[in-house]
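A short reminder: the numbers here are calculations on the coordinates, not readings from a lab. Quantities reported herein were computed from a predicted structural model and do not represent experimental measurements. Reconstructed Cβ throughout: ideal geometry from the backbone, glycine too, with neighbour counts over all protein chains shown.
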Amino acid sequence: MKSKNRVLVITIFLGLIFWVLDTVFDYFYFYTGTMLDLLVLKVPKHEVYIRFIVIGLFFIFSLFIFKAVTGRKQAEKAHQNSEERYQKLSEVAFEGIVLYSKGIIFDVNTAFTMTFGYEIKDIIGKNLEDLIIAPDYKDVYRAATASGNEEPHEIIALKKDGTTFQAEIEIREFLDTGGPVLVASIRDVTRRKKAEKQAEIQQQQLIQTDKMASLGVLVAGVAHEINNPNQFIMSNSPILKKAWNSVRPIIDRYYEENGDMVVGGVNYSVMRERILQSLSGVLESDGIGNVICCQDSRKVMEIITRHDIGVLLLDLTMPHISGEELLPAIKRDHPDLPIIIITGMNEVSTAVECMKMGAFDYLVKAIENNKLVASVRRAIEIKELKEENRSLKKRFLSDKLEKPEVFSAIITSNNKMRSLFMYIESIAKTTQSILITGETGAGKELVARAIHTLSGRTGEYVIVNVAGLEDNMFTDTLFGHIKGAFTGALQLRSGLVETAANGTLFLDEIGDLSSTSQVKLLRLLETGEYFTIGSDVTKKSNARIIAATNKNLNDSAAINRFRKDLYYRLSTHEIEVPPLRERIDDLPLLIDHFLEIASMEMGKITPVPPSELYTLLGVYHFPGNIRELRAMIYDAVSKHKSGTLPMESFKKAMIGKSRPISRVQNESSVIFSHSIPTLKEVTKLTINEALKKAKGNQSIAAQILGISRPALNKRLSREASERDEQSGL
C-alpha cells in the first residue's frame, strides 16, 4: 500500500513538472515562434544543446522528446555572424551590393544608392530588372549563374534621373529558409571604359597597318646594313635623302593627308607630336610662352605670315618639305626671323650649311633643356635689339610719334622730351628691364606708365616704392608668403611679382634698396625665378621690371653701395628724364595746366597769371622740379581772391632756394682772356646779366642775385652816378 502511494505521489509530482514545462514551452513557442534550446554541456570549442519537443494536450499524456541540436545551433550562429559581416562589408564597399528574391529588391548598401541616385526607402521593393536596360536581365542572370562562371558581365544601367551608364554585374545565389536569395554587385565602369577607349585609339596609332606590307619593301632595302631599320631611318635620314627622288612616289603613298607616316609599325605623327609637346613644355616652364607647334611643313610659311613669330625652331627632317628646303624660303620672306635648326647626330654638316644660309643656331638631338632655353632666349634678345635699332633709325629720320596719345599725361613741347618719347617707343616692347633716372619730381613714374601702355602687355601695372623697406618686408611684398611661414602668417598671400604676371612691375627709389634685397632682385632678373616665403618651390615670373631712382647708380656701384651686376642688369635700357630747369620752355604749358586743374578742384574761377610770373619762374632752378611747381600753383590758387594770381606766394616759396642756373664745375673752367677783372667789374657784369635774365624786372633780378631790391637799387643808383660823373668830365 505504501509503495503504491509512493508511486502515485511520484507520478503526480512528475506530471506537475511536465505540465509546467509544457506550459512554458507552449507559451515560448507561441510568442517567439522558435523552439527553446538548452545548453547542457560546454567544453572548449564545443557546446551541446538539447531541444524539447512537447507532444500532447494534457500534462498526463504529454511526451517529451530530447533531441541533440548542437550542429544546427552552430550553423544558425555561423549564419548570424555571416549576416553581420555582410552588413559591415556591404556598407563600406565601393561597389553597389543588392539583395533580391524573385527580382524584388529587399536590401542594398550605401554605394548602390549613390550609384543609382535612389534613397534606400525608394529602392526597396523595386524590381532589379527595371534598372537594367541592356542586355535582357534573363540573359544576364543565365550567364552569371552558369556553372563555373566567375566573370563579371557588362550591362547598361538606368539611374533614377533617367540617365544611363556602363556597369559590370556579378550575381551569386544562395538558399535561405524562405527560398533562394540572390546577391548582386554592380560597379560603374564609365570612366574606365573611356580610358580603355582612349588607350585603344593610341594603341591603334602605334600598330602596324595594312600599308606596312608595301612599305616593308623600302625598309628591307636597308635592313641588311643595320639590325634595326627604324633606328636607321631616324638617325641616318641623310642617306635616304640621296635616294629621295627615286623612292618619293612610294613614300608618298604612305603619307596621309595630315602628314602621318607609318614606318615599322610606328606612327611618326604621334612621335613628332609628343616631341613638340615636350619642347613646348620646356619653354613654357621657363617663362617662354605662346608656343605654336606645327607638324606639317607645308603649313610653316602660312603660320609665319599669319603670326608675329619671335623665334623659329626648324627640324631638318620633316615630311613633305624638309627643313633644309624651307630655310631659304623663310629667310627670303622673313630675313629678320631667327631660326634655330634641330638636327640629328649625322646631320651636323648639313646644319653648318644652314648656318651659312642664315640660321641663328643649331641644336643636336637629344636636346638638353638648358641649352634649348638659352639658345631661344639669345635669339629673342638679338631679334629685339634689331627691332629697336630699326625703330630708332626710323625715328631719327622722322620726327613723328606713332602713338602720341600715350604721352598725353606728360605736358611738354620740349625737343629733348620729344626725342625721349621716340626712344621710349623704340624700346617699349622689349622684355629687358629698363632703368629710369632723374631728379625727384621730374616725372619718372609717368614715363614708366607710358612704357607699360606702349608695351602692349596684358597684365597689370604694379607700383612698389622700395625706399625704407627692410629685407623681410621687401621679400614679403614682392614674393608673398605661405600660410604659417612666420608668426602672423595666417593665410596664403600672393606677392606683387605674381600680381604683375604678363604685366609690368615698377620699382621706385631702387637706389635705396638694401644689399640683401639687391641679391634677391638680381636673381629674379637673371633667372625669372623666385621663392615664396616659407616655400621651397620655385615660381616663375614673366613680369617686365622697370626701376627708377634719383641717385647716380654708377657712382653708388663704384663705392660698393649698389651691386654692379644688378646695375648692369637694370640698365639694359636707361632713360634719363631731364629736370624742369632744362625744359624752361614748358613752363607756360605747365602753369596753365596746373592752374586749370587746381581751380577746378577748388571750385574757383581760373586766375590770370601776371606776365612777370613766367620771368620769375624762368630763372628759378626748381630743385623739386614739376612736383614743386605744382605745389606752388596750388598754394597760390588757394590764396587768390581777385582774378589775378598773386606773386607773393611764389616769391615766398623761392626765398633761400635761388641759385645760378649753371654752376662752375671747377676752377680751371674760369678762363680770363687777358687780365683778371676787378671785383667792381665782376659785380657790374653780374648785375647786368641778372637784369638781362629778368628782362629788366629789378625785383626778379634781386631775387636771382640773392639780395634785396633796395640793395640792388642802391648799386644801380651808384653806377648811374658814376656814369654821370664820367660823362661830365
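Quick check: from the Cα gyration tensor, does the stretch 395-543 come out rounded (a/c under 1.5), prolate or oblate?
prolate
Given R₀ = 41 Å, FRET efficiency for THR487-GLU526 by Cβ-Cβ distance, to 0.05?
FRET efficiency, THR487 to GLU526: 0.80.
5 Å is the cut-off here: which amide hydrogens, built 1.01 Å from N in the peptide plane, fall below it relative to ALA134, excluding neighbours closer than 5 in sequence?
Amide H to amide H, under 5 Å and 5 or more residues apart or across chains, ALA134 pairs with ILE156.
Name the shape class, rounded, prolate or oblate, that the alpha-carbon gyration tensor gives for the stretch 263-393, where a ≥ b ≥ c are the square roots of its eigenvalues, rounded holds for a/c under 1.5, and otherwise prolate holds if a/b is larger than b/c and oblate otherwise.
prolate
Give me a comma-separated list of calculated 3J(HN,Hα) values for the stretch 512-528, in order, Karplus coefficients 6.51, -1.76, 1.60 applied at θ = phi - 60°, integers in Hz, x for any Gly or Pro.
Listing the rounded values in order: 9, 6, 5, 5, 5, 5, 4, 5, 5, 5, 4, 4, 4, 5, 6, 10, x Hz.
Starting from the Cα of ARG306, step 7 Å along the direction of its Cβ; do the same at THR477; then give the gap between the two resulting points in nm.
In this crude label model, ARG306 to THR477 measures out at 4.6 nm.
Cross-link list LYS331/LYS520; LYS444/LYS651; LYS160/LYS194: which exceed 31 angstrom alpha carbon to alpha carbon?
Pairs exceeding the cut-off: LYS331/LYS520.
Percent relative contact order of the stretch 422-522, based on C-alpha pairs within less than 8 angstrom and at least six residues apart?
Averaging sequence separation for qualifying contacts and normalising by length gives 31 percent for the stretch 422-522.
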